[in-house]
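Below is one structure; the comments refer to it alone.
We did not get these values from a lab; they are worked out from the coordinates using the rules stated. Keep in mind that what you see is a predicted model, and the values were worked out from it rather than measured. All Cβ positions, even for glycine, are placed from backbone atoms using ideal geometry, and neighbour counts span all protein chains on display.
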């Protein structure tokens, strides 16, 4: 009668006996055993965890004893460590900013920063413009309004899926104003548009005043008003227009464009002169 050799599975690093012959010894409910004609023995681990990583040995009680070892490598996709990663930030223009991104996984994740809009990141120095910055830290010296954007921290380690976190950087600064044409000319009876551009964050309150300081208010629901104010926002920039219909002699003079927010106020003057009609 042929003797039956017993087979055991052992966790090498902890010297834990997992199974002996037909019996599972470990209390770990995720481990099970199957065999085929007492020739092939299989150790099964369900829902593998990082703690399962390590050396395993199959041992046969022959004389001499025979064994074979194998290493179970457990890879883990990257995950952002929220408690150690920057959240959305609001900073004053001119300060230094550090954005931090911490990721875990196995193998150790590679971390990089980039702008969500794909623009280059100007992070200091004459040659400090990059599409991608490697590493957990993104350091920006003397932050300006040009840095105001959403930044993506991307972590990858070859185990899908890669993961990212979006960090919105908002830069506060007082209003600045520019006027394309400080002197405008118009004929009596002509419609004319005055234009003013402002930049501010937080968003500024913008309005027009007459030479006497009266605020110009237009009612867009009514047609034919003397004045119509229009504005268009693009990020922290606001494009303002003042339309004066059917210019008359009383409309010539100076008009003031005003912008103010919690950090300051600024204004600019546009002079409207009358043009002599061609004879």
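Dividing the radius of gyration of the alpha carbons in segment 1-142 by their Kirkwood radius gives 1.31 for Rg/Rh. Over all projection directions, the Cα-based convex hull of segment 110-213 averages an area of 11.0 nm². Report the percentage of all Cα-Cα pairs in segment 154-250 whose separation exceeds 16 Å, rounded to a whole percent. Of the Cα pairs, 69 percent sit more than 16 Å apart.
When peptides 91-102, 28-39 are sorted by average Cβ neighbour count within 10 Å, with the highest value leading, the order is 91-102, 28-39.
Note on 44, 147, 21: ascending count of other Cβ atoms within 10 Å places them as 44, 21, 147, the fewest first. Peptides 256-265, 78-87 ranked from most to least packed by the mean count of surrounding Cβ atoms within 10 Å: 256-265, 78-87. Per residue, the convex hull spanned by the alpha carbons of the chain comes to 241 Å³.
Remark on segment 150-190: hydrodynamic radius 15.9 angstrom, per the Kirkwood mean of 1/r across alpha carbon pairs.
Separation of segment 84-117 from segment 183-218 is 41 Å, based on Cα centroids. The slack in the chain from residue 230 to residue 91, taken as 0.36 nm per residue of separation less the alpha-carbon distance, amounts to 47.0 nm. Most tightly packed first, judged by the mean number of other beta-carbon atoms within 10 Å of their residues, the peptides 62-69, 170-177 read 170-177, 62-69.
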